[in-house]
Amino acid sequence: MTGALPVLLLAGAVALWVPGSLVVGVRARGLVARSGPPSRAAEEAGPRRRWLLAGAAGLAAWLLVGGGAGACAAIVVAVAGERLLRSAAPDGTAADRAATLRELPAACELLAACLTAGLPVAGALSAVAGAVPGPLGRRLQAVAALQRMGAEPRRAWADQPAELTGLARVLVRAGSSGAAAVPALRALAEETRAAARTEAQAAVQRAGVWVLAPLGLCFLPAFVCLGVVPLVLGIAGDVLG
């Protein structure tokens, strides 16, 4: 047991390091996307890193089991770990969508402040695009550039993703019919924050269920063996005896 303790610590360190490193990977991909197209070395770093972590977990399994069975367990753990890491890593589209939704309420409030100060819609979009980080700033800058070149508001927002549909509807309505955009922008900011809170609460509830699942899997066989099986055997003994 003492000899296996370092291996268990190694496996625990690898398991604990994975979620934080995924967050770091998402942030690194965002910085690379902002600065330009990723290099070949950056594209190959993800698979190498996944196999490194999976290989470390496989090595821990081999040291724990030992022998031929340990080698088989190491291969299984390494392959399964690599697939798990590959499925857990968010792709660029999901990361961009999450960043856009996270920054959208602040962008709506900044747009409302700029419009209240008297800026035109294109000028407000350009000003807010410089203050909002991530993919949302780039999309707002693209819309502002199209409107400065004379494109209609509906055409300028045509190629934007679904998460900006509400913002596009408010600004297109304001540009075409002269409707007041400031109250609608502030209402959209509140709705987006409320949706984010609801999604976070649902994620916390799902996490609570998954945390309790291993406990149930551990206690259910013990309950069956210690509570149900003796009762059944006792009843069977009385009936058949």
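Please treat every number below as a calculation from the coordinates, not as lab data. Predicted, not measured: the structure shown is a model, and the values here were computed from it. Cβ coordinates were reconstructed from backbone atoms using ideal geometry, including for glycine residues, and neighbour counts include every protein chain displayed.
The stretch between Val228 and Glu191 holds 8.2 nm of extra length on full extension. This uses 0.36 nm per residue minus the Cα-Cα distance. Between Arg169 and Cys218, the simple label model (points 7 Å from Cα in the Cβ direction) yields a spacing of 4.9 nm.
Relative to the 2.2 N^0.38 Å rule of thumb, region 95-216 has a C-alpha radius of gyration ratio of 1.25.
Spin-label pair Asp159-Ala80: with each label point 7 Å from Cα along the Cα-Cβ axis, the two points sit 4.6 nm from one another.
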